[in-house]
Each structure stands twice: as C-alpha cells, then as structure tokens.
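Okay, so here's the structure we're looking at.
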Amino acid sequence: MAVNRMKEDAVRLEREEAWLGDAALSLVVREWILAREGRLEAGLFAELTSNQFLSRLGPPTAVEAEIGRVYRDGGLEAAREWIGGRLVPHFEKNLNRRHGRS
C-alpha cells in the first residue's frame with residue numbers, strides 16, 4: 001500500500017511540474033517567436049510546443065516536468081536558459097527547414 005501511495009505521489013508531482021513547465025515553455029516560445037519572426041506565428045508556436053517536437057528530448061511530459069522543476073527552483077530566467085540551451089537549437093533547425101535553409 002505504501003508503494004502505491006509513493007507511485008501516486010510521484011505521478012502527481014510529475015503532472016504538477018509538467019503543468020508549470022508547459023506554461024513556462026509557452027511563454028518562452030511565444031517570446032522567442034516574436035523576437036525571431038517579428039510577428040505572431042500560431043502555427044510555429046503549435047509546432048514548437050507539440051508533444052511530437054518535445055519528444056526529441058524524451059517523453060513530452062518528462063520534458064515539461066523538467067522545465068517545471070527548473071522554473072520552480074530558479075524562476076523564469078532559469079527556465080529561459082534551460083529552454084535556450086536544450087530546445088532553441090531544435091527550434092532553429094525547424095525554422096531553417098521551414099524557410100528552405102539547411
């Protein structure tokens with residue numbers, strides 16, 4: 001019974017962290033798109049925050065949970081740095097592909 005409780009707590013915690021991570025990711029990606037493209041790009045936003053895109057780094061919920069932990073422990077700037085170091089290179093690659101660049 002204690003093992004089940006621990007598993008339930010771990011799942012609940014990961015979901016909570018992923019929820020925060022999803023929010024931080026959404027904000028950072030929106031800022032990145034506006035700075036990079038100079039306009040709203042809902043399609044690009046959807047692509048860069050999709051589970052398919054996040055799965056490049058691992059299970060999407062786990063990736064969002066990691067962002068959530070970084071955000072919770074270090075704030076939005078820490079989350080920006082994490083996203084900048086791990087996701088932005090993939091963002092750039094996707095954007096270059098969209099614009100026909102290698």
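Results, tabulated for the structure shown:
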read-out	value
Length-normalised contact order of the chain in % [C-alpha pairs under 8 Å, at least 6 apart]	33 percent
Computed over the chain, Kirkwood Rh from alpha-carbon pairs, angstrom	14.4 Å
³J(HN,Hα), Karplus 6.51/-1.76/1.60, whole Hz, each residue of segment 55-62, x for Gly, Pro	5, 5, 9, x, x, x, 5, 5
Hull volume in cubic angstrom per residue (convex hull over the Cα atoms of segment 45-102)	79 Å³
At R0 = 30 Å, FRET efficiency that the Cβ-Cβ distance of ARG39 and GLU92 yields, to 0.05	0.95
Qualifying trypsin sites (Lys or Arg not before Pro) in segment 1-78, DSSP loop, other Cβ atoms within 10 Å at most 16	ARG39, ARG56
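None of the figures in this text is laboratory data; all of them are computed from the coordinates on show. Please read all numbers here as calculations on a predicted model, not as lab measurements. All Cβ positions, glycine included, derive from the backbone under ideal geometry; neighbour counts span all protein chains shown.
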